[in-house]
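Every read-out reported here was derived from the displayed coordinates using simple, explicitly stated rules and does not represent laboratory data. Given the structure is predicted, the values throughout are model-derived calculations rather than measurements. FYI the Cβ positions are ideal-geometry reconstructions off the backbone, even for glycines, and counts take in every protein chain you see.
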Amino acid sequence: MQLSTKHLLGIRDLQPQDIQIILDTAIQFKEVLQRPVKKVPSLRDITIVNLFYENSTRTRISFELAEKRLSADTINFAASASSVSKGETLLDTVNNILSMKVDLVVMRHSASGAPHFLAKHIPAAIINAGDGINEHPTQALLDAFSIRENLGGLEGKRIAIIGDIMHSRVALSNIYLLKKMGAEVMVSGPPTLIPKYMEEAFGVKVEYNLKKALQWCDVANVLRIQLERQNQVLFSSLREYNLAYGVKRELLDSIGKEIILMHPGPINRGVEIDSDVADSKQSIILQQVENGVAVRMAVLYLLGGGKVQQN
């Protein structure tokens, strides 16, 4: 099985069969992660650099763990502790790293399109770990893997993405993926946090009433309010947001059915989701974290040309 692309720059660039290959490959790696020895030699001769120009905890650790499980050699690069702080350009930095014969670059950057820029200028394969407010493809893949694991598939399933749609690269990647795989998608949140063109441009439903969105869906993917990306006041206060759009136990009890709850993290408890909901049996948030390692192993393996070790 081979992907139709050399890079993973975004879900928008993938074919449905690429998504299928990644999700199916991740099943094998999830089985590897259940073994007493969780390591395989699939990428033993591959060197990977983790190039993070933006702060990250979960995504960076998940990629690092996936790389170690595949026996790859890794280099961790944090922009704040490098020559970038002295004015070195992105291309200079990467060319210096590539002179060390790197095969794969996992990159997070605050500028939308930065991984695409790199892919045009360097020979290594690029994996986008989040670029600005554009895309976060591996998060969408692990979300899809988690939905498929719980519901048996994606086609025809109803997924509501709730919260700060305007500033969320997770929302955009999820919309691209779910639509490609035949799911129905709805976005819900305050009008100030949902771009006006969503329905026409992406073919998704828009619902400003949270209860109606929850009644409609099979899965609710609740997004973090991204205050760091908002350059103007878009709602009155976090308390007001929680009252109108926070996912609460009494609200879930009132919709007359049980739905699956997801969150890409980190959670603002008591803002977009209450603690008793985030920690409930309806929540698959920790399952998403576990699945993230298997999905990133699959992506690294497929782009790195490795071999899966069979039992």
If packing is taken as the average count of other Cβ atoms within 10 Å, what order do 42-49, 199-206, 68-75 fall into, highest mean first?
42-49, 68-75, 199-206
Largest first and in whole Å, give the semi-axes of region 137-289's equivalent ellipsoid, each being the square root of 5 times a Cα gyration tensor eigenvalue.
21, 19, 15
In what sequence, highest mean first, do 248-258, 207-217, 174-184 appear when ranked by Cβ atoms within 10 angstrom?
174-184, 207-217, 248-258
CD proxy at 222 nm, helix term only [per DSSP H run n ≥ 4: -39500 (n - 2.57); per residue of the chain; nearest 500]
-12000 deg cm²/dmol
If the chain between Ser71 and Glu199 were fully extended at 0.36 nm per residue, the gain over the current Cα-Cα distance would be 41.7 nm
Considering all projection directions equally, how large on average is the shadow of the alpha-carbon convex hull of region 1-138, in square nanometres?
8.5 nm²
Could you tell me which of the pairs Lys39/Lys157; Lys179/Lys212; Lys6/Lys248; Lys157/Lys248 are separated by over 32 angstrom between their Cα atoms in the structure shown?
Lys39/Lys157; Lys6/Lys248
The extension gain from Ile133 to Arg269, computed as 0.36 nm times the residue separation minus the Cα-Cα distance, is 46.7 nm
Under the Karplus relation with 6.51, -1.76 and 1.60 and θ = phi - 60°, whole-Hz ³J(HN,Hα) for region 31-41, x at Gly and Pro, equal 5, 4, 6, 8, 6, x, 9, 8, 10, 10, x
Starting with the highest mean, order 151-161, 128-138 by the number of other Cβ atoms within 10 Å, averaged over the residues of each peptide.
128-138, 151-161
Across region 281-298, in residue order, what do the Karplus-derived ³J(HN,Hα) couplings come to in whole Hz, using 6.51 cos²θ - 1.76 cosθ + 1.60 with θ = phi - 60° and x for Gly and Pro?
6, 6, 7, 10, 4, 5, 5, 4, 4, 4, 5, x, 5, 5, 5, 5, 4, 4
For the chain, projected area of the alpha-carbon convex hull averaged over all directions, nm²
16.2 nm²
How high is the relative contact order of the chain, in percent, counting Cα pairs under 8 Å that sit 6 or more residues apart?
21 percent
Round to the nearest 0.05 the FRET efficiency obtained for Ser237 and Asp45 when R0 = 51 Å and r is the Cβ-Cβ distance.
0.40
Once phi for every residue in region 205-220 is put through the Karplus expression 6.51 cos²θ - 1.76 cosθ + 1.60 (θ = phi - 60°), the whole-Hz ³J(HN,Hα) values, with Gly and Pro written as x, are 7, 10, 9, 8, 9, 4, 4, 5, 5, 5, 5, 6, 8, 8, 9, 10
Once label points are set 7 Å from the Cα along Cα→Cβ at both Ser112 and Gln287, what is their separation, rounded to one decimal in nm?
3.2 nm
I need the calculated FRET efficiency for the pair Glu149 and Ser280, taking r as the beta carbon distance and R₀ as 22 Å, to the nearest 0.05.
0.75
Grab the alpha carbons of region 109-178, take their convex hull, and tell me the volume per residue in Å³.
95 Å³
In nm, give the distance between the simple-model label positions of Ile61 and Gln20, each being 7 Å from the Cα along the Cα-to-Cβ direction.
3.6 nm
Taking amide H positions as placed in the peptide plane 1.01 Å from N, state which residues far from Val247 in sequence (5 or more) or on other chains have amide H under 5 Å from it.
Ile273, Asp274
